[in-house]
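Trainee: The following block contains the structure, expressed as structure tokens.
The values are calculated or read from the model by the stated rules, or taken from the named source; none is laboratory data. Only a predicted model underlies this, so the values are computations on that prediction, with no experimental measurement involved. Please note: Cβ atoms are built from the backbone with ideal geometry, for glycine as well, and neighbour counts cover all protein chains shown. Protein only, heavy atoms only, side chains kept; ligands, DNA and RNA dropped before computing areas. Shrake-Rupley method; radii C 1.70, N 1.55, O 1.52, S 1.80 Å.
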Amino acid sequence: MKALLIVDLQNDFLLGGALPAPDGKKIIPVVNKLINLVDLVVASKDWHPEDSVHFEKWPVHCVANSEGAAFPEELEQSKIKTVVLKGTRNTDDGYSAFEATNIQLNNYLKENKVDELYICGLTTEYCVKNTVLDALEADYKTFVVRDAVEAVKAQPGDEEKAWQEMQAAGASIVYSEEVAKNA
Ligand code: VGL
Ligand code: ZN
């Protein structure tokens, strides 16, 4: 079974939000296309308490239940089967979707017989990277959709390094066009 995992495609990571990936909005139409190419769609949300230690490193963003934590209107939400919430404790960053606390993501994917995981979303250097590395650790065939991922670009060089790290760990970097061809 093929699953699409949309990482943190939330208002605060888009222009106008608290911690924007400068080109984040560009990926929304690509993600909308990918949603129709897989058997199961799961989305993660960064979902922080107001007083998290996470905010010693970052501007306040994606506070649980806030507008900044919501999905953008343009995202085709009707086919998202499950939303997993991460970074929910005031003591953790929760960069990886596999750290979700409302659902144990690995068990959920196993129950749904997922073996191929297509990962997209925001941001390259943090939550996408950490999710991809955990997916590989958990032995999924892991694809990262290059044109459906964008970086926050907080530190120069980190974006490029993140792509290299994901690839070195065993992720396949693919374009949405190839995903469509093989669907
Ligand atoms: C993220 C920084 C802080 C992400 C989340 O989704 O990549 N980055 N919190
Ligand atoms: Zn965060």
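Trainee: Does the stretch 2-181 come out rounded, prolate or oblate, given a ≥ b ≥ c as the square roots of the eigenvalues of its C-alpha gyration tensor, rounded meaning a/c under 1.5 and, failing that, prolate meaning a/b above b/c? Display every interim value, and only then the final one.
Mentor: Numbers: a/c = 1.33, a/b = 1.26, b/c = 1.05.
Rounded shape, in that the Cα axes give a/c under 1.5.
Trainee: Using just the helices of the chain, give the 222 nm mean residue ellipticity in deg cm²/dmol: DSSP H runs with n ≥ 4 each add -39,500 (n - 2.57), and the total is spread over all residues, rounded to 500.
Mentor: Theoretical 222 nm ellipticity from helices: -6000 deg cm²/dmol.
Trainee: Now for a separate question. What residue among 71, 143, 13 shows peak mean-square fluctuation when the chain is described by a Gaussian network model with Cα springs under 10 Å?
Mentor: Per the Cα network of the chain with a 10 Å cutoff, 71 tops the list.
Trainee: Let me ask something additional. Averaged per residue, what accessible surface does the chain expose to a 1.4 Å probe, in Å²?
Mentor: That works out to 46 Å² per residue.
Trainee: With all protein chains present, how much of the accessible area of the stretch 127-183 (probe radius 1.4 Å) comes from carbon and sulfur, to the nearest whole percent?
Mentor: Here it works out to 42 percent.
Trainee: Taking the dipole about the Cα centre of the stretch 2-181, with the C-beta of Lys and Arg at +1 and of Asp and Glu at -1, give me whichever of 53, 31, 167 is farthest to the positive side.
Mentor: The residue sitting most towards the positive pole is 31.
Trainee: Now, a different point. So how tilted is helix 158-168 from the main axis of the chain? Cα-based, degrees 0 to 90, rounded to 10.
Mentor: Helix 158-168 and the main axis of the chain meet at about 40 degrees.
Trainee: So, with a 1.4 angstrom probe, what is the percent of accessible area on the stretch 18-122 that is carbon and sulfur?
Mentor: Carbon with sulfur: 47 percent of the solvent-accessible area.
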